[in-house]
Every structure is written in structure tokens, then in C-alpha cells.
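Enquirer: Here's a structure for you.
Each reported figure results from applying straightforward, stated rules to the coordinates on display, with no laboratory input. Note that this is a predicted model, so its numbers are computed, not measured. Cβ: placed from backbone, ideal geometry, glycine included. Neighbour counts: every protein chain shown.
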Amino acid sequence: MAKDAKDPETAELPATSTYAYLRVSTDAQDVANQKLGVLEYCAQQGFGAPFLIEDTISGKVEWQKRKIGELLTTIPPGSVLVAAEITRLARSTLQVLEMLKLAAERGISVHVVKSRLVLDGSLSSKITATILALAGEIEREFIAARTKEALRRRKESGLPMGRPAGEAERLSLDNKATEIDKYLVIGLNRRAIAKLCGCSPNTLYTWLRRRRPEAMAKEIVDA
């Protein structure tokens, strides 16, 4: 794959043994969560600090045309490539298998932080990667189908489309509740927590006000 002269980050990779690939779909998303998990994993495994490659592009784009393609074709044999989740590598089973095939051929070990998997080209690792990638692909299709069906039913019933007036019952940070609680316990400030959660301080403030009023009250008292 030709190197992108406009992209200095991948134009010349450093001589190291550990690389990390962080991918998000849009500029509005933040890689802070992936980065934190990857750095902690590398420290636990004794890899040292990895060279981080951030990629802001949809997983629908062929992997050969993304920075992951650059990594797999240029990092030296024996290297370790770390990703936060297998779905960060690609959104389809076929793409994941193609990438693992190339990694195995070049002697590159792929580590997946969330699943604690080491994909080294062995048969067992290929089976595991296939199952995980396929599961992610099926889940995305189910979510899309359920969303379209729900919208169709609302439209046919004459119900208003879009978010109802007033405060939403479900908040965008609800799925990060455990993570936020952990940060609150260790005393991280609101701006740091927002960065790690990939949201704005105002979004975090709204969530805390609705879900953790005691934390807001403690902050006022401490101040």
C-alpha cells in the first residue's frame, strides 16, 4: 500500500515492537477511552508504551485503504499490534479474517484488549476472531432492523417522530455509568472524566445532575 504523503503519522513508523490502532467513525468521537484501555493493557503485558496510530474513518471503508492497512504492511515481523476491540479493526467478518491472514503471514501478533485475546494466526485464534466479528456484524444488523421497524410503527400510528419534549428518559452516558462511578471514586475532576468518556463537560454535568445528584452535592460542599 502506498504511503500517504499528506499523513505524517504513518509516513514513517518508528522502530518499535508495539503499535496500537485506535479508530473512530467521525471527528466528533473521542479516542480517549480506547487509548486508556490500550495503554493499561500494554503496561500489564510489559510491552511498554506503544506507538499510537489514530484513524478517523468509517469501518465500512476497505481496510487496505485505512491506516490499519498501512500498519499491517509496514511494521516489522515479530511486532505486536494492539486494538481496543475487534470491531475497531473492521466491521465485517471477511475484513477481519483478511487482516489476520496478512498479520499471520508477516509474523505479527494482534492483541484485542476488551476480549483479552491474542490472535497469532493459530486455528483457535482464527475461530475466535470469526465468532467475535460475526457476532458484532449480526448485532449491528439487528439494531438497524429494530430501529427501522420502530420508526415505521410510530409513523403508521401517527405518533410524533423524534425526541419528545422534556428531559429524556435515557441519557447518552447511561452505558458508561460504571466507568464514571470509578472515576468519581478516585477523585478525577469533571473535565478529565468527560475526556475519558468522549463527551463534553456539559453532557457529563447533565448526566451527573440526573443520575448522581449526590456527587454534585458533594462537589458543592467540598468547594
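Enquirer: Could you go through the stretch 74-82 in sequence order and give the Karplus-derived ³J(HN,Hα) for each residue, using 6.51 cos²θ - 1.76 cosθ + 1.60 with θ = phi - 60°, rounded to whole Hz, and x for Gly and Pro?
Expert: 10, 5, x, x, x, 6, 10, 10, 10
Enquirer: Quick one: which of Lys35/Lys60; Lys67/Lys126; Lys35/Lys176; Lys35/Lys114; Lys60/Lys126; Lys114/Lys176 span more than 18 angstrom between C-alpha atoms?
Expert: Lys35/Lys60; Lys67/Lys126; Lys60/Lys126
Enquirer: Spelling out what I want: for every residue of the stretch 183-193, take phi, set θ = phi - 60°, compute 6.51 cos²θ - 1.76 cosθ + 1.60 (Karplus), and round to whole Hz; glycine and proline get x.
Expert: Values per residue, Gly and Pro as x: 5, 5, 4, 7, x, 5, 6, 4, 5, 5, 4 Hz.
Enquirer: Given H placed on each backbone N at 1.01 Å, which residues far from Leu119 in sequence or on other chains put an amide H within less than 5 Å of it?
Expert: Sorted by chain and number, the residues that satisfy this are Val110, His111, Val112.
Enquirer: From the Cα gyration tensor of the stretch 49-127, with a ≥ b ≥ c the square roots of its eigenvalues, which class applies: rounded if a/c is under 1.5, or else prolate if a/b is larger than b/c, or else oblate?
Expert: Numbers: a/c = 1.28, a/b = 1.14, b/c = 1.12.
Rounded, because the longest to shortest axis ratio a/c is under 1.5.
Enquirer: Once you put a point 7 Å from the Cα of Ala192 and another 7 Å from the Cα of Val61, both along the Cβ direction, what distance in nm separates them?
Expert: Roughly 3.3 nm, to one decimal.
Enquirer: May I pose another question? Picking from Tyr41, Ser79, Ser58, whose Cα lies most toward the positive end of the charge dipole for the stretch 34-85 (charges on Cβ: Lys, Arg +1; Asp, Glu -1)?
Expert: Ser58
Enquirer: Using a Förster distance of 30 Å, how high is the FRET efficiency between Lys148 and Leu102, based on the Cβ-Cβ distance and rounded to 0.05? If you can, show how the numbers build up before the last one.
Expert: On the way: r = 35 Å, r/R0 = 1.17.
Once rounded, the FRET efficiency stands at 0.30.
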